[in-house]
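In what follows, a structure is listed as structure tokens, so that the remarks can point back to it.
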């Protein structure tokens, strides 16, 4: 976190009080989502054919309200608001929210859905929080590492008790690969075929970035469609842990792509920048 970034924001997003507030709102959103999860929800379809539920909408309102209290001058871009209209302009600093990432998993009563809060400054993620309420795992970025805290949605939050996460360098011995079980395609399969793969993990949502950050996996290629709110928090956490997220040309993955409607191109997420060492 640079002094320039802190000056532009007017606060340090990794200061304990601010990060605690971000983590707390993620837990609160997780608790709200779990109420819907237990009671059952009706799945609807948005204009882009993606699923949505009342849990998505309620959690986004909760997060927007909470952020307005701690950072009222910072623009907030939420997935459900953008379903109606993509913003015409983005500030230099803005939050990206996916209040319920993995809605298909949520509706199907699977466990890998998450709450995502990412903070973008000058087109790159500088802070992120992800909460997986079924797993009861909270992930967040720090100044020199990422962190994981095992906590229930109604648990007492103390971020000083979190476990520090740092990735390890990928070696030629092979990689543990993550691939989406709902968005696999031929390009992903072709790249995986070029790697020395020791294990393949199929999961959903931004939880993939968390598995990379904690060392449970090494490599996540994504050729299918994602949106900026799907990746911002995960990228912040993975980069804080020592990993990388890049465009296909190897340059750092960036945001505020209004010309694409906040749609992401293909990307590579990896535990380290030398993932090519695992190529056959």
If you go through 226, 231, 198, the only one that is surrounded by fewer than 15 Cβ atoms within 10 Å (Cβ to Cβ) and either within 16 Å of residue 132 (Cβ to Cβ) or in contact (Cβ under 8 Å) with a residue 24 or more places away in the chain (or both) is 198
By residue number, the members of the stretch 225-252 that are closer than 23 Å to residue 141 by Cα and more than 13 Å from the chain's Cα centre (by Cα) are 241, 242, 243, 244, 246, 247, 250, 251, 252
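Could we say that residue 279 is modelled with pLDDT under 90 and surrounded by 14 or more Cβ atoms within 10 Å (Cβ to Cβ) here?
For residue 279, the condition - modelled with pLDDT under 90 and surrounded by 14 or more Cβ atoms within 10 Å (Cβ to Cβ) - is not met.
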Scanning the stretch 148-189 residue by residue, those at pLDDT 85 or above and farther than 22 Å from residue 133 by Cβ turn out to be 164, 166, 167, 168, 169, 170, 175, 176, 177
When restricted to 61, 70, 33, the only residue in contact (Cβ under 8 Å) with a residue 40 or more places away in the chain, under 26 Å from residue 135 (Cβ atoms) and in contact with a strand residue (DSSP E or B) (Cβ under 9 Å, 6 or more places away or on another chain) is 33
Scanning the stretch 43-59 for residues that are under 18 Å from residue 226 (Cβ atoms) and assigned to a helix (DSSP H, G or I) gives 56
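The values are calculated or read from the model by the stated rules, or taken from the named source; none is laboratory data. Note that this is a predicted model, so its numbers are computed, not measured. Please note: Cβ atoms are built from the backbone with ideal geometry, for glycine as well, and neighbour counts cover all protein chains shown.
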